[in-house]
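The values are calculated or read from the model by the stated rules, or taken from the named source; none is laboratory data. Please read all numbers here as calculations on a predicted model, not as lab measurements. Cβ placement follows ideal geometry from the backbone for every residue including glycine, while neighbour counts extend to all protein chains displayed. Calculation scope for accessible area: heavy atoms of the full protein, side chains included, ligands and nucleic acids excluded. Shrake-Rupley method; radii C 1.70, N 1.55, O 1.52, S 1.80 Å.
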Amino acid sequence: MSLRALVLGFAISVCLFAQNGGQFTDIPFVPTPTNVLDAMLDLANIKAGDVLIDLGSGDGRIVMAASRRFGIQATGVEIDPDLVRQSQTLASQEGLAGKASFVQADLFAYDLRRASVVTMFLTPGVNLRLRPKLLSELRPGTRIVSHRFDMGSWLPAKTIKLEDDRIYLWVVPPSRVDPPKSLARIVDDPPSKQDSSTPNPASMFSYDAAAPLNTRLEEPEVADTSLVAAVSFSGSRGPVSATLVTPSRKGNFPAIIFIPDYGRRDEFLPEALLLARARRPAISLLIDAPQERPVGWRRNFSALSDNDNDRDIHIQAVIDIRRGIDMLVQSGKVDVNRIAYVGHGYGANWGAILSSVEPRLHAFVLVAGFPSLAELMESDDPDMANLRFSMGAERFARYRNSMSAVDPIRFTSSWAGAPILFQFGRFDQFVPRAAAERLANSISRPQKVVFYDAGHSVNAPQAMIDRSDFLARCIHSGQLQSLRSLVHQEP
């Protein structure tokens with residue numbers, strides 16, 4: 001899906017943090033101001049006998065301040081050996097060598113179990129990646145104090161505003177389990193105002209069907225008994241690149257449009273080749289997403305630009321897929337009553353929208369789709385946390401509202417009736433089960449929903465067989481042969 005794609009395309013700038021020592025870590029050393037340091041230690045409510053561990057201790061100032069003020073044992077965990085040596089020297093010069101200590105270690109590998117207080121000034125994403133470790137290793141009642149960055153849906157026990165900065169306090173609960181996955185709350189930020197009106201699919205995804213397609217088909221390559229060719233056609237904002245896989249014999253065939261997950265342009269190519277060489281074959285059109293096309297045709301996500309660019313990429317993708325259907329119909333090789341759709345990640349999201357606006361698609365397989373782009377951006381994914389911080393509250397609210405216009409769940413209520421197979425991974429870190437079921441249940445009539453022992457790729461072998469069985473049943477007269485038999489055929 002492209003949760004990762006979403007974030008990589010966003011080009012979150014690491015220059016938000018002062019760079020120093022970047023050869024060791026993605027958490028550059030930024031000194032904590034003295035007034036913030038004092039407020040952090042006050043918020044931790046340190047008592048005699050406490051043991052403090054500072055994660056990403058930098059020059060050691062928090063560790064030494066805690067030992068100096070409260071006389072407690074404090075340890076700094078820092079991966080940069082130069083900063084560790086500098087901290088050890090300063091602690092020795094101040095007579096704190098017996099109380100303040102420093103270790104060179106990866107903070108994700110360091111054992112935290114002896115701590116009763118943990119302090120940190122990291123990044124939004126690292127905080128969220130650390131959260132399971134903190135909850136599993138720290139004893140109930142341990143206080144955690146973070147400068148500037150929160151921990152998503154684990155709401156703090158207390159928040160202090162210090163000029164334009166914030167300090168957060170959490171107390172490890174008795175259950176010591178990760179809080180349930182829910183939408184992250186951005187403290188003190190105004191709630192976003194979404195347009196509650198139902199979007200008009202006919203208007204948002206309309207296009208000029210009479211516009212020339214300007215189809216260009218490259219010289220095909222022979223693969224067994226099928227032909228594989230690069231193809232392009234005119235889309236809503238320029239040329240669309242794709243791969244066309246056809247049987248080598250003549251005829252009028254069912255067709256399947258495949259939209260792969262981000263960064264996996266050839267994901268469905270083996271499947272398309274199997275379908276093309278079947279006894280009752282099918283044509284496959286594998287369309288590249290706008291952000292996957294050749295330079296000059298490509299359109300990249302950019303959340304940090306104050307416009308509707310990213311929303312419009314999703315609209316463009318849906319229209320370009322409709323133009324792909326036009327191309328198949330005009331080819332004269334496709335049975336127009338037997339066109340199906342398979343999409344993964346963003347492709348599944350676009351398929352959910354197409355299920356409400358495109359009557360020429362007679363069956364859908366939606367793999368690892370998610371109900372809401374806007375909600376996804378408020379999730380506890382570390383990269384999303386970095387994005388929210390880098391954008392700031394007001395810009396993020398505007399961006400979220402823009403993206404909510406293309407939330408799949410806003411369109412599935414207008415589902416046109418073609419059968420849908422939903423495929424999800426039980427271990428998908430981007431699409432939790434609750435979100436998956438919410439998307440599937442948004443269709444007014446129950447559809448087939450299958451969870452596989454897989455992650456976001458949903459690459460369980462049974463998933464490919466299940467979708468081919470489903471498509472073979474949905475496309476009339478059984479003209480699409482199931483892969484269940486194809487995978488056992490001799491080439």
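May I ask you to list the residues in segment 413-434 that are within 14 Å of Ser372 (Cα to Cα) and crowded, with 21+ Cβ neighbours inside 10 Å?
Correct list: Val431 only.
Might you check whether a residue that is more than 27 Å from Ala440 (Cβ to Cβ), assigned to a loop (DSSP other than H, G, I, E, B) and under 20 Å from the mean Cα position of the chain (by Cα) occurs anywhere in segment 369-377?
Pass one, segment 369-377, residues more than 27 Å from Ala440 (Cβ to Cβ): none.
No - not one qualifying residue is present in segment 369-377.
Please report, ordered by residue number, the helices (runs of 4 or more DSSP H) entirely within segment 405-491 with at least 2 residues that are within 25 Å of the chain's Cα centre (by Cα) and modelled with pLDDT under 95. Break it down stepwise before answering.
Working: elements: 433-441, 461-474, 483-486.
Because the criterion is at least 2 residues that are within 25 Å of the chain's Cα centre (by Cα) and modelled with pLDDT under 95, the helices (runs of 4 or more DSSP H) in segment 405-491 that meet it are 433-441, 461-474.
Tally time: how many residues in segment 150-163 are within 30 Å of the chain's Cα centre (by Cα) and among the charged types (D, E, K, R)? Please lay out each step first, then the result.
First, the residues of segment 150-163 that are within 30 Å of the chain's Cα centre (by Cα): 150-159.
Checking the rest, the ones that are also among the charged types (D, E, K, R) come to 150, 158.
Count: 2.
Filter segment 243-259 down to residues that are basic (Lys, Arg) and open to solvent by less than 30 Å² (accessible area, probe 1.4 Å), then give me how many there are. Before the answer, list the steps.
Taking segment 243-259 as the starting set, the residues that turn out to be basic (Lys, Arg) are 249-250.
Those left that are additionally open to solvent by less than 30 Å² (accessible area, probe 1.4 Å): none.
Of the residues in that region, 0 qualify.
I need the full set of residues from segment 37-55 which are surrounded by fewer than 24 Cβ atoms within 10 Å (Cβ to Cβ) and of a type outside the set (A, V, I, L, M, F, W, C), in order please. Talk me through it step by step, then tell me what you get.
Keep residues of segment 37-55 that are surrounded by fewer than 24 Cβ atoms within 10 Å (Cβ to Cβ), which gives 37-39, 41-51.
Those that are surrounded by fewer than 24 Cβ atoms within 10 Å (Cβ to Cβ) and of a type outside the set (A, V, I, L, M, F, W, C): Asp38, Asp42, Asn45, Lys47, Gly49, Asp50.
Which of the residues that make up segment 248-268 are farther than 11 Å from Gly343 by Cβ, part of a loop (DSSP other than H, G, I, E, B) and either touching a Leu at 6+ places or on another chain (Cβ under 7 Å) or of a type in the set (S, T, N, Q) (or both)? Even if it seems obvious, please write down each step before you answer.
Quick first cut of segment 248-268, residues farther than 11 Å from Gly343 by Cβ only: 248-255, 262-266.
Right, trim to part of a loop (DSSP other than H, G, I, E, B) and you get 248-252, 262-266.
Ser248, Asn252, listed by residue number.
Yes/no per residue for (1) in contact with a strand residue (DSSP E or B) (Cβ under 8 Å, 6 or more places away or on another chain); (2) surrounded by fewer than 17 Cβ atoms within 10 Å (Cβ to Cβ):
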{"residue": "Arg69", "(1), (2)": "no, yes"}
{"residue": "Ser92", "(1), (2)": "no, yes"}
{"residue": "Asp150", "(1), (2)": "yes, no"}
{"residue": "Ser153", "(1), (2)": "no, no"}
{"residue": "Thr159", "(1), (2)": "yes, yes"}
{"residue": "Glu163", "(1), (2)": "no, yes"}
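Within segment 373-383, take every residue that is farther than 14 Å from Leu304 by Cβ and open to solvent by less than 10 Å² (accessible area, probe 1.4 Å) and give me the one that is modelled with the lowest pLDDT.
Of everything passing the filter in segment 373-383, Ala374 is modelled with the lowest pLDDT.
Checking Tyr262 against (1) in contact with a Gly (Cβ under 9 Å, 6 or more places away or on another chain); (2) buried (at least 24 other Cβ atoms within 10 Å of the Cβ); (3) aromatic (Phe, Trp, Tyr): exactly one of these is not met. Which one?
Unmet for Tyr262, out of (1) in contact with a Gly (Cβ under 9 Å, 6 or more places away or on another chain); (2) buried (at least 24 other Cβ atoms within 10 Å of the Cβ); (3) aromatic (Phe, Trp, Tyr): (2).
Here's a check for you: in segment 125-148, which residue that is part of a helix (DSSP H, G or I) and open to solvent by 10 Å² or more (accessible area, probe 1.4 Å) is nearest to Met391 (Cα to Cα)? Full working, then the answer.
Filtering segment 125-148 down to residues part of a helix (DSSP H, G or I) leaves 125-137.
Now narrow it down to the ones that are open to solvent by 10 Å² or more (accessible area, probe 1.4 Å): 128-129, 132-133, 136-137.
On the way: Leu128: 18, Arg129: 20, Pro132: 25, Lys133: 27, Ser136: 31, Glu137: 32 Å.
The extreme case among them is Leu128.
Please identify the pairs in which a residue from segment 286-305 that is within 15 Å of Tyr346 (Cα to Cα) and among the hydrophobic types (A, V, I, L, M, F, W, C) has its Cβ atom under 6 Å from the Cβ atom of a residue that is in a loop (DSSP other than H, G, I, E, B) and modelled with pLDDT under 90, counting only partners at least 6 apart or on another chain.
Hits for this filter: zero, empty list.
Hey, among the residues in segment 306-315 that are in contact (Cβ under 8 Å) with a residue 60 or more places away in the chain and open to solvent by 10 Å² or more (accessible area, probe 1.4 Å), which one's farthest from Gly392 (Cα to Cα)? Before you say what the answer is, go through the steps one by one.
Step one: of segment 306-315, the residues in contact (Cβ under 8 Å) with a residue 60 or more places away in the chain are 306, 308, 310-311, 314-315.
In the following step, the residues that additionally are open to solvent by 10 Å² or more (accessible area, probe 1.4 Å) were identified as 306, 308, 311, 315.
Numbers: Asp306: 12, Asp308: 17, Arg311: 19, Ile315: 25 Å.
Of everything passing the filter in segment 306-315, Ile315 is farthest from Gly392 (Cα to Cα).
Given (1) in contact (Cβ under 8 Å) with a residue 40 or more places away in the chain; (2) β-branched (Val, Ile, Thr); (3) under 25 Å from Leu439 (Cα atoms), identify the lone condition not met by Ile283.
The number of the failed condition is (3).
Those residues that are at pLDDT 70 or above and open to solvent by 80 Å² or more (accessible area, probe 1.4 Å), I need them from segment 165-190; list them, please.
Narrowing segment 165-190 to residues at pLDDT 70 or above: 165-174.
Once the filter is applied, which keeps residues that are at pLDDT 70 or above and open to solvent by 80 Å² or more (accessible area, probe 1.4 Å), segment 165-190 yields only Pro174.
For segment 100-117, check the following and say yes or no: at least one residue is touching an Asp or Glu at 6+ places or on another chain (Cβ under 8 Å), under 22 Å from Ala65 (Cβ atoms) and open to solvent by 60 Å² or more (accessible area, probe 1.4 Å).
Within segment 100-117, one or more residues are touching an Asp or Glu at 6+ places or on another chain (Cβ under 8 Å), under 22 Å from Ala65 (Cβ atoms) and open to solvent by 60 Å² or more (accessible area, probe 1.4 Å).
Of the residues Val240, Val295, Val222, Val231, only one is among the hydrophobic types (A, V, I, L, M, F, W, C), more than 26 Å from Phe424 (Cβ to Cβ) and surrounded by 24 or more Cβ atoms within 10 Å (Cβ to Cβ); which? Give the steps one after another, and end with the answer.
Values: Val295 fails: surrounded by 24 or more Cβ atoms within 10 Å (Cβ to Cβ); Val222 fails: surrounded by 24 or more Cβ atoms within 10 Å (Cβ to Cβ); Val231 fails: surrounded by 24 or more Cβ atoms within 10 Å (Cβ to Cβ).
Every option except Val240 fails the conditions.
Looking only at segment 349-362, how many residues end up being closer than 19 Å to Ile475 by Cα, aliphatic (A, V, I, L, M) and surrounded by 24 or more Cβ atoms within 10 Å (Cβ to Cβ)?
Looking only at that region, the number is 2.
Exactly one condition in (1) surrounded by fewer than 16 Cβ atoms within 10 Å (Cβ to Cβ); (2) under 18 Å from the mean Cα position of the chain (by Cα); (3) β-branched (Val, Ile, Thr) is not met by Val336; state its number.
Against the list (1) surrounded by fewer than 16 Cβ atoms within 10 Å (Cβ to Cβ); (2) under 18 Å from the mean Cα position of the chain (by Cα); (3) β-branched (Val, Ile, Thr), Val336 comes up short only on (2).
What's the number of the condition Ala278 fails, among (1) within 27 Å of Ser457 (Cα to Cα); (2) crowded, with 19+ Cβ neighbours inside 10 Å; (3) at pLDDT 90 or above; (4) not aromatic (Phe, Trp, Tyr)?
With (1) within 27 Å of Ser457 (Cα to Cα); (2) crowded, with 19+ Cβ neighbours inside 10 Å; (3) at pLDDT 90 or above; (4) not aromatic (Phe, Trp, Tyr) applied to Ala278, the lone miss is (3).
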